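In what follows, a structure is listed as structure tokens, so that the remarks can point back to it.
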Amino acid sequence: MAGQGDETRPRFSPGVSEAATATPTPATVPEGPVYAEPVDPWATAEAAAIAAGGQPGGYQQHPDPQGTWTVPGATEPTVEKRSRRRLALIIGGAVAGVTVIATAAAAFLLWPKFPALDYHALREVKQITPKIPFTSTFIDTEVYGERAFFAGVTETGTLHTLAAGTGSGDVLWENDNAGRAYTWKAMYAREKVLVLVSGVDPTTSKSRVVALSSEDGRLVWDEELGSSDEIHLAADTVLWVNREAKKLTGLGMSDGTVEWSVDDPDATTLQLVTGIDDLTGPAGATGRPFTPAGGDKQRFVQIDSDRTVTVRDVHTGDVLQKRAEVASTSDKVAAHDGRLYVVEPGATKRVFQYDLAGFAETQPVTLYTAGDSEDVGQLTPCGKLICFVVSTGYDGKADVVRAAGGEGAWDKAVAGVDGLVAVGSNGLLAVGDEGTTLFVGGKEAWYRLGVTVRLDARNVLTFSGGLTSSVDDRELSGTHLGEESVNLGVLAEVRPGTCSWNTSTIACADEKGYVLHSFAD
């Protein structure tokens, strides 16, 4: 990963000029409906941070909860990343990497609401052995608040799940209530339920979404998805694009009941509108919040193949705003803090910013216009701005990370960026081939070997190597931004790609079971 960028690269002034053409040009509209991946504000899939190798059984650990679950023939979620060699295990405290925090930056970071965590050396809370051994087909963990959830597929193809308290490690419940599926793809924890998503059964062209009670593990609801359906998980609502029934439906997360349903004859894709609070809690390797903020006024944008974008209320489905000629279902988009960002496809590749409050009336602002040889990707909310990567060439040596959309915009050259993760209101982690660069207010604070993830708005956790699916060791360090890192010790013989965490405990699968470790009081 490179250091500071070339001072001769082009500059721009985001947030001040309107688009040369107020509406993206019709020439960029693809012909016919395109069933492409929704572009996740946290990245396309959690696997964007996995440093090497495939996943057992073809699944991706901690994938995007806004992902698309489809049968063969529809577009599967992909990952914006280049081929790269395996991250080496860094030993002897080298996980701290190179630290270059300036005094001014350190003072800027000390936000009282998120003080330094009381880090300590890793302590094993409990080793948990499931009643039925799992195979390598699917293994995963999720942490939500003070509960850790574990899942593994048995030799019979049944998904065996259990929950444990993060403080004691005591098993709260354990069962096979999720049942069987051709494959299992993902697990997501919410306050009241544990949501499990299967892969597509080629004999039926169907998949399943199952919800177990987080309290006692009982089966709460079980829904069958059609051939090209999509689901998107908000904090307490499941948004279901039912393409076979031509319906867009909101299901209550806690009980699976239909809260609202509208006709949807078009090839809709969806994007949840996130907020600043979604950037301040524990998050996965691509920034997916383990505890999404939600709220009574959460919204989402509905994108149709005719380039119409509709803003709807998550809980009622009510139309709040609507505008034609904005984005197609295959465009790269992100929705955050009352704004919609769209990367224009085709040769021009402008980045547009729309104000969702005045969506129908106000004209979009052009934040960036890519050069002839440039590509724009990895739209990621970063505080009140939008961050993205401008790439020139496939090797990533000329990558530039840009933060645009208002006061405090900046750009820095960082070679080989594979993922962006926001840390609070002004921090950004740029995860690359071998390490992570932290930017604060547009200034490079440090570079560290390994993968760094968010604990809260001012604390991060660094793994000394990639988040792979095989059993391996990883040295950990915890850092309160603006202070020296704390070496936490070695997380031994775990599957790093299965790990989840809160601000004090990390849960992982190992060779034959699961393990909880404490790293802060």
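The values are calculated or read from the model by the stated rules, or taken from the named source; none is laboratory data. Just so we're clear, the structure is a prediction, and the values are computed from it rather than from any experiment. In this analysis, Cβ positions are derived from the backbone assuming ideal geometry, glycine residues included, and neighbour counts consider all displayed protein chains. Ligands, DNA and RNA are excluded from the accessible area calculation, which covers all protein heavy atoms including side chains. Shrake-Rupley method; radii C 1.70, N 1.55, O 1.52, S 1.80 Å.
Structural remarks
- Excluding ligands, DNA and RNA, the accessible surface per residue across region 415-474 is 15 Å² with a 1.4 Å probe.
- Span from the region 321-360 Cα centroid across to the region 446-521 one, whole angstrom: 36
- Label-point separation in nm, Lys512 to Ala357, each point 7 Å along Cα→Cβ: 6.0
- Electrostatic dipole magnitude of region 463-512 [Cβ: Lys, Arg +1; Asp, Glu -1; Cα centre; debye, to 20]: 180
- Over region 402-476, relative contact order from alpha-carbon pairs under 8 Å, at least 6 apart, %: 19
- Long-range HN-HN contacts of Trp184 with modeled amide H, under 5 Å: Gly199
- FRET efficiency for the Ile276 to Glu146 pair, using the beta carbon distance and R₀ = 35 Å, is estimated at 0.90.
- Across all directions, the average flat footprint of the convex hull enclosing the Cα atoms of region 328-406 is 5.4 nm².
- Dipole in debye (nearest 20) - region 147-255, about Cα centre, beta carbon charges: Lys, Arg +1; Asp, Glu -1: 320
- Heavy-atom accessible surface of region 269-369: percent carbon and sulfur, 1.4 Å: 47
- Rg and Dmax of region 215-327, both derived from C-alpha coordinates alone, stand at 14.7, 48 Å.
- With R₀ fixed at 30 Å, the C-beta to C-beta distance from Glu484 to Gln127 puts the FRET efficiency at about 0.45.
- Ligands, DNA and RNA are left out, and with a 1.4 angstrom probe the accessible area of region 169-272 is 37 Å² per residue.
- Per residue convex hull volume, Cα atoms of region 347-386, in Å³: 82
- Here's how it looks for Trp446: its modeled amide H is under 5 Å from those of Val100, Leu438, which are all 5 or more places away or on a different chain.
- Here the accessible area of region 172-222 is 44 percent carbon and sulfur, with a 1.4 angstrom probe and all protein chains present.
- Signed unit charges on C-beta, dipole axis of region 370-521, positive-most listed residue Leu428, Val400, Tyr447: Leu428
- Förster-model FRET efficiency, 22 Å R0, Glu215 and Ser168, C-beta, rounded to 0.05: 0.85
- Close amide H pairs (under 5 Å, H built 1.01 Å from N) link Arg307 with Thr329, residues at least 5 positions away or on another chain.
- Cα centre as origin, Lys/Arg/Asp/Glu Cβ charges: region 301-402 dipole, Debye: 180
- Note on Val471 and Thr348: the extension gain reaches 39.8 nm, defined as 0.36 nm multiplied by sequence separation minus the Cα-Cα distance.
- Too-long pairs where the Cα-Cα distance tops 30 Å, listed order kept, from Lys113/Lys412; Lys297/Lys412; Lys131/Lys185; Lys206/Lys297; Lys247/Lys297; Lys247/Lys332: Lys297/Lys412; Lys206/Lys297
- Where trypsin sites (Lys or Arg not before Pro) fall in DSSP loop in region 238-294, at most 15 other Cβ within 10 Å: Lys246
- The portion of the accessible surface of region 379-521 made up by carbon and sulfur, rounded to a whole percent, is 48 (1.4 Å probe; DNA, RNA and ligands excluded).
- Cleavage-rule hits (GluC sites (Glu not before Pro)) in region 419-515: DSSP loop, at most 13 neighbouring Cβ within 10 angstrom: Glu484, Glu511
- Radius of gyration and maximum dimension Dmax of region 122-201, Cα, Å: 12.5, 41
- Heavy atoms of the protein chains alone define the surface here; on that basis region 303-384 has 33 Å² accessible area per residue at 1.4 Å probe size.
- DSSP-loop GluC sites (Glu not before Pro) across region 298-406, with at most 11 other Cβ within 10 angstrom: Glu361
- The Cα atoms of region 283-332 cover 34, 26, 10 Å along the three principal axes, with the biggest extent listed first.
- Spatially proximal aspartates and glutamates relative to Lys192 (Cα-Cα < 14 Å; intrachain offsets below 8 disregarded): Glu142, Glu146, Glu215, Asp216, Asp236, Asp255
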